[in-house]
Amino acid sequence: MFSHKDNQIIKLGDITEFLSSVTNLYYVDYQPELFPGCFLKPYDRGYPTINVFYTSSFQLMGGKSFKKIEESMGIARQVIKLCQNKNKCTNSV
């Protein structure tokens, strides 16, 4: 398991909007009434599952190779960065 802690607030609902523009390796499982985070689940079981929280913190669980784990870290960071940029744009208007 890999964990990254941050403190930038994002809207987890925005992740579904941005994930498809970043990659097609993952799909979103977001049920706020059951879990306070958002799951990015891989179509290929060789990739880790990514848990993203509203504070921009994320966790990677599983993964079959370091290459796939590093690729997934990049995907998580890209999606979170897009959500943060959207929040900055909407907050400044």
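The values are calculated or read from the model by the stated rules, or taken from the named source; none is laboratory data. If you're wondering where the values come from, they're calculated on a predicted model, not measured in any experiment. Neighbour counts run over all protein chains shown; Cβ positions are idealised from the backbone, glycine included. Areas reflect the complete protein model, heavy atoms only, side chains present, ligands, DNA and RNA absent. Shrake-Rupley method; radii C 1.70, N 1.55, O 1.52, S 1.80 Å.
Quick rundown of the values:
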read-out	value
Total residues in region 41-56, condition open to solvent by less than 40 Å² (accessible area, probe 1.4 Å) and touching a strand residue (DSSP E or B) at 6+ places or on another chain (Cβ under 6 Å)	6
Residue ID - most open to solvent (accessible area, probe 1.4 Å), chosen from residues in region 69-84 that are in contact with a Leu (Cβ under 9 Å, 6 or more places away or on another chain) and of a type outside the set (A, V, I, L, M)	71
Extreme residue, modelled with the lowest pLDDT, among residues of region 17-29 that are outside any strand (DSSP E or B) and either open to solvent by less than 80 Å² (accessible area, probe 1.4 Å) or not hydroxyl-bearing (Ser, Thr, Tyr) (or both)	17
Filter result for residue 2 (at pLDDT below 90 and open to solvent by less than 80 Å² (accessible area, probe 1.4 Å))	yes
Every pair of residues 6+ apart whose Cβ atoms lie under 7 Å, when the first sits in region 54-82 and is closer than 16 Å to residue 5 by Cβ while the second is hydroxyl-bearing (Ser, Thr, Tyr)	59/3; 60/72; 61/49; 80/56
